[in-house]
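Only one structure is covered here, and it is reproduced in the block below.
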Amino acid sequence: MPYFVTGATGFIGKRLVKKLLERKGAKVYFLIRKESAGKVAALRDYWGVSAARAIAVHGNLTRKKLGVSAEDIKKLKGEISGFYHLAAVYDLEADEESQIAVNIDGTRNTVEFAKAIDAGHFHHVSSIAAAGLYEGVFREDMFKEAENYDHPYFRTKHESEKIVRDECKLPWTVFRPAMVVGDSMTGEMDKIDGPYYFFKLIQRIRKLLPSWMPMVGLEGGRINIVPVDFVVNSLDYISHHEHASGKCFHLVDPVGYRVGDVLDILSKAAHAPRMNLFINAALLGFIPKAVKKGLMALAPVRRIRDAIMTDLGVPEGLLTFVNYPTRFDCRETLAALKGSGITCPNLNDYAWRLWDYWERHLDPDLFINRSLRGTVGGKVVLITGGSSGIGLATAHKFAEAGANVLICGRDQGKLDEACKEASAKGYEFNAYAVDIADMADCDCFIADLITAHGGVDFLINNAGRSIRRAVEASYDRFHDFERTMQLNYFGSLRVTMGLLPGMAAKREGHVVNISSIGVLTNAPRFSAYVASKAALDAWTRCASSEFADVGISFTTINMPLVRTPMIAPTNLYNNVPTLAPEEAAELIAQACIFKPVRIATRLGIAGQVMHALVPKMAQIAMNTSFRMFPDSSAAKGEKGDKTKLSPEALAMQQMMRGIHF
């Protein structure tokens, strides 16, 4: 039995052709554009047949009689018993012009072509969208009753079905599938559509909250979801067993689910927090339209909404379905399928397969190169303080990932040694001897850097100075505060502001500032150091808001103790858990890859929360540690290690070993 199929390369069409070809002696002619001829071999492999049974017919949906040659029309005339029209735009976000060209004009051209080849029966695959946003139950014998179909997607689906009803002179049948999801047995789907837009939101919730956490869900209208295998099996069976012309069949789930139910079922499938309490979305209808319109007129509100929707990958058109008002009767379909064994499975039974397939194959994050090489390969990266410690470890890590690494430091000897290490490993550093605490020296450095490299793509403000000395021991050492601020704040600021204009011109750039855990915990004996880092943190928060719309992002890393030469003079740190420079470099790599606003350790966050919620208790705790751990011999200006710890201090050190940064 010969068939003709449009849309054979689509999600439903490809599976329908495979189903038709399972019939004994069946062969399928399928429409395909000449420029897509390269897909034909793969399609035949998928269908498991030769060119003798799957025959490509070149044409174009937007042309008269599908643009099929007169010779092919002559060959097909009187040969086709079943004509299946599935080609259409199924995208809510598609522009109106393309939807009209494909859904309306394309259907008219298809009807004209089917008549030209004198096909036996015309099967039009429409959509429940043809009903528009009908208030109530829409029956299979209803069409003109459709309402609220002003949206291009709804309107073009309605108009295309109207063409079949009014202009098709062949016997015809209309099928209206519901929202089609992946295969109920395999979960296979070819694109993100319909309820899949909620998957990323559910995934984010799962990452943030434990599965036992009760959640508040949104209770909206009823949406109808069907798996693709049910649609294909129903199409195949009904089109071969129901021969009455002029009928319409709703390929829908007889049960149907509210939006909140769907979200809850998918959350269960994802092992995410379940929706235990629902708020009826209809309540949003009580908000006056003038109020909603006024809010959306505010640029900040629009930008926040658009940013959230973009981040989650949710098209604005999907919000139409939150209060979807239509339910679909399917008595004709149920009667036609009686005795066939074909039924629509319950979403609860196959939702986990949909989730599993999406997370393994369709999750947009799978297609983003999250490697360091994919982020900084070929990019210019400047690391201040790159001749030792964290900076040097970071320089090696980024150079190994293919970045053009620039390092700067005050000590030419250390810079030369770092370059030798790089050369021995098969890559190179561009080293600059500069004291960024000297504003004039810093300006010359920036000018040379821009001339030689045209600016940078990533800036790692790592150079810094730390002083551990109590305030009461610093009354006559005001220069400690001045020189710490000069390097940690003014130096970093000078470099950053010198490079920002170039980043802004390219509308691209990322700045990583190495701050301290002490800024979060307000560590005693580090008043000079913490104050300088806090100043840089505050400036960064202001600047990041100003540059958010020009492609420049900032990350602050509240770095815990790292075993570098900077903490070497304080011997009591020998028994305190610290990070290795390579571990600190990994945090910097993550900052460049994911570009979060802040990276902080659990200990740092706990300290910040404690200071925010119970500041008096936090002060007492920090004061206790202040009195427990004295100034180091170096801070007192003494030679040799004369610092002796009390039993309480030793016990605290042992306890700290259990605190993982």
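Between a residue in the range 159-176 that is more than 14 Å from Ser245 (Cβ to Cβ) and among the β-branched types (Val, Ile, Thr) and any residue that is modelled with pLDDT of 95 or more and surrounded by fewer than 23 Cβ atoms within 10 Å (Cβ to Cβ), which pairs come within a Cβ distance under 6 Å, given they are 6 or more apart or on different chains?
Ile163/Arg108
Could we say that Arg15 is out of contact with any Ser or Thr (no Cβ under 6 Å at 6 or more places or on another chain) and modelled with pLDDT of 95 or more here? Please lay out each step first, then the result.
Working: out of contact with any Ser or Thr (no Cβ under 6 Å at 6 or more places or on another chain): yes; modelled with pLDDT of 95 or more: yes.
Answer is yes for this residue.
Tally the residues that are within 30 Å of Asp264 (Cα to Cα) and not in a strand (DSSP E or B), restricting the search to the range 158-199.
At the first step, the residues of the range 158-199 found to be within 30 Å of Asp264 (Cα to Cα) are 175-199.
Okay, now just the ones that are also not in a strand (DSSP E or B), so 178, 182-199.
Matching residues across the range 158-199 total 19.
How many of the residues in the range 239-259 are at negative phi and in a loop (DSSP other than H, G, I, E, B)? Explain how you work it out, then say what you get.
Filtering the range 239-259 down to residues at negative phi leaves 239-245, 247-255, 257-259.
Filter once more, keeping what is in a loop (DSSP other than H, G, I, E, B): 242-245, 252-255.
Here the count works out to 8.
Quick grid of which residues meet (1) acidic (Asp, Glu); (2) within 30 Å of Pro195 (Cα to Cα); (3) touching a Ser or Thr at 6+ places or on another chain (Cβ under 6 Å); (4) part of a helix (DSSP H, G or I):
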residue: Gly25; (1), (2), (3), (4): no, no, no, no
residue: Ala42; (1), (2), (3), (4): no, yes, no, yes
residue: Ser50; (1), (2), (3), (4): no, no, no, no
residue: Leu61; (1), (2), (3), (4): no, yes, no, no
residue: Ile73; (1), (2), (3), (4): no, no, no, yes
residue: Ser98; (1), (2), (3), (4): no, yes, no, yes
residue: Lys115; (1), (2), (3), (4): no, no, no, yes
residue: His124; (1), (2), (3), (4): no, yes, no, no
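Of everything in the range 28-39 that's surrounded by fewer than 17 Cβ atoms within 10 Å (Cβ to Cβ) and either free of Cβ contacts under 8 Å to residues at least 24 places away in the same chain or more than 33 Å from the chain's Cα centre (by Cα) (or both), which residue is nearest to Gly67 (Cα to Cα)? Before the answer, list the steps.
Of the range 28-39, the ones surrounded by fewer than 17 Cβ atoms within 10 Å (Cβ to Cβ) are 33-39.
Now restrict to residues that are either free of Cβ contacts under 8 Å to residues at least 24 places away in the same chain or more than 33 Å from the chain's Cα centre (by Cα) (or both): 34-35, 37-38.
Numbers: Lys34: 11, Glu35: 14, Ala37: 15, Gly38: 19 Å.
Checking each candidate, the answer is Lys34.
Taking Val57, is it without any contact (Cβ under 8 Å) to a residue 40 or more places away in the chain and over 23 Å from Glu159 (Cα atoms)? Talk me through it step by step, then tell me what you get.
Details: without any contact (Cβ under 8 Å) to a residue 40 or more places away in the chain: no; over 23 Å from Glu159 (Cα atoms): yes.
Here the answer is no, as Val57 does not meet what is asked.
Does any residue of the range 553-561 turn out to be hydrophobic (A, V, I, L, M, F, W, C), out of contact with any Leu (no Cβ under 7 Å at 6 or more places or on another chain), modelled with pLDDT of 95 or more and in the same structural domain as Asn462 (by TED's automatic domain parsing)?
yes
Under 7 Å between Cβ atoms, which residue pairs at least 6 apart in sequence (or on different chains) link something in the range 360-381 that is in the same structural domain as Tyr432 (by TED's automatic domain parsing) and touching a residue at least 60 places away in the same chain (Cβ under 8 Å) with a partner that is assigned to a helix (DSSP H, G or I) and surrounded by fewer than 16 Cβ atoms within 10 Å (Cβ to Cβ)?
Within 7 Å, the pairs are Val380/His453.
Given the criterion over 30 Å from Arg331 (Cα atoms) and out of contact with any Asp or Glu (no Cβ under 9 Å at 6 or more places or on another chain), identify the matching residue among Ser81, Ser50.
Numbers: Ser81 fails: over 30 Å from Arg331 (Cα atoms).
Ser50 is the lone residue from the list that is over 30 Å from Arg331 (Cα atoms) and out of contact with any Asp or Glu (no Cβ under 9 Å at 6 or more places or on another chain).
So Gly386 fits all but one of (1) outside the structural domain of Asp448 (by TED's automatic domain parsing); (2) buried (at least 22 other Cβ atoms within 10 Å of the Cβ); (3) part of a loop (DSSP other than H, G, I, E, B); what number is the exception?
Checking Gly386 against (1) outside the structural domain of Asp448 (by TED's automatic domain parsing); (2) buried (at least 22 other Cβ atoms within 10 Å of the Cβ); (3) part of a loop (DSSP other than H, G, I, E, B), the one that fails is (1).
A quick yes/no check of all residues on (1) within 20 Å of Cys168 (Cβ to Cβ); (2) of a type in the set (Ser, Thr, Tyr):
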site: Tyr3; (1), (2): yes, yes
site: Gly10; (1), (2): no, no
site: Leu21; (1), (2): no, no
site: Arg33; (1), (2): no, no
site: Ser50; (1), (2): no, yes
site: Lys65; (1), (2): yes, no
site: Lys74; (1), (2): no, no
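Evaluate the range 5-16: report whether one residue or more is free of Cβ contacts under 8 Å to residues at least 40 places away in the same chain, among the aromatic types (Phe, Trp, Tyr) and assigned by TED's automatic domain parsing to the domain that holds Asn103. Give the steps one after another, and end with the answer.
Step one: filter the range 5-16 for residues free of Cβ contacts under 8 Å to residues at least 40 places away in the same chain, giving 9, 14.
Imposing the further condition that a residue be among the aromatic types (Phe, Trp, Tyr) reduces the set to none.
No, the range 5-16 contains no residue that is free of Cβ contacts under 8 Å to residues at least 40 places away in the same chain, among the aromatic types (Phe, Trp, Tyr) and assigned by TED's automatic domain parsing to the domain that holds Asn103.
The values are calculated or read from the model by the stated rules, or taken from the named source; none is laboratory data. Quantities reported herein were computed from a predicted structural model and do not represent experimental measurements. Positions of Cβ are generated from backbone atoms using ideal geometry, with glycine treated the same way; all protein chains shown enter the neighbour counts.
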